[in-house]
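To start, the structure under review is shown below, and the notes come after it.
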Amino acid sequence: MITMTIDAKVITTKTNKTVLQVAKENNISIPTLCAFAGLETRSVCRICSIEVKGTAFLSPACSTMVKEGMEIITDNDKVRNARKVLMEFILAEQGETENWGVQIKKLAREFNVEKARLKLTNDSARLIPQSEYITLTRALCIHCDRCISVCKYHIIHRAKKGASVTLTFGENNESLDKTNCVHCGDCISVCPTGALANGE
Ligand code: SF4
Ligand code: SF4
Ligand code: FES
């Protein structure tokens, strides 16, 4: 067992847990976007940024492991400003307000952002039908890998790196309806941005 503090609350907990898990267990709310309980997290969105006393940079609560004596701050000006700036960039990539997924809309409300001030989306990268049942709007994807982790049939893959990173389907980057996809919808249900959605 270790003892630590979150927002000055003294907490005794087991090791091998993330700050996010311990915060949740203690009813301390930290916003998240890419993390999903039970799936490996890539920590790509940084919306869960928190301050760890004694460190220069903010850390993602979803992948920072708790340690003895740690002092965590989840809510101060530095943290709030950083989250808001990150949210603005994420929204800039999501394009027009009507494209935003449910979780994105909820976060935007929480951060008091009504619409994206910047626009980074390439419209040509928008809706690409993947099958009769499922569509992928590549521009909305934040590459959190939730869909890759949840698919029991290992149909979705990550290809390329850095700015060129993209999702592919099947062994040879096929359209979804040419793979063994059973249309279970699990990938749609975990997608935080609405990039994967039910087909029309
Ligand atoms: S619908 Fe189901 S089987 Fe098809 S890609 Fe998504 S998670 Fe995998
Ligand atoms: S399609 Fe959705 S779940 Fe899959 S990597 Fe992109 S944002 Fe994440
Ligand atoms: S929820 Fe932690 S980095 Fe996305």
Within region 171-188, track down each residue that is more than 15 Å from Cys34 (Cβ to Cβ), assigned to a helix (DSSP H, G or I) and within 15 Å of ligand 2 (Cβ to nearest atom).
-> Leu176, Asp186, Ile188
Looking only at region 19-34, which residues are among the hydrophobic types (A, V, I, L, M, F, W, C) and free of Cβ contacts under 8 Å to residues at least 60 places away in the same chain?
-> Val19, Leu20, Val22, Ala23, Ile28, Ile30
Out of (1) of a type outside the set (Val, Ile, Thr); (2) over 27 Å from Cys147 (Cβ atoms); (3) touching an Asp or Glu at 6+ places or on another chain (Cβ under 7 Å); (4) touching a residue at least 40 places away in the same chain (Cβ under 8 Å), the one Asn76 does not meet is (4)
The residue that is modelled with the lowest pLDDT, considering only those in region 137-148 that are away from ligand 1 (no atom under 15 Å from the Cβ) and of a type in the set (A, V, I, L, M), is Ala139
Does Cys151 satisfy the criteria of being surrounded by 14 or more Cβ atoms within 10 Å (Cβ to Cβ) and within 7 Å of ligand 1 (Cβ to nearest atom)?
-> yes
Within region 164-187, restricting to residues that are surrounded by fewer than 19 Cβ atoms within 10 Å (Cβ to Cβ) and either aromatic (Phe, Trp, Tyr) or within 21 Å of Val44 (Cα to Cα) (or both), the one that is farthest from ligand 3 (Cβ to nearest atom) is Thr168
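The values are calculated or read from the model by the stated rules, or taken from the named source; none is laboratory data. This structure is a prediction, so every number in the text was calculated from the model and none was measured. Glycine gets a Cβ as well: all are built from the backbone with ideal geometry, and neighbour counts include every protein chain shown.
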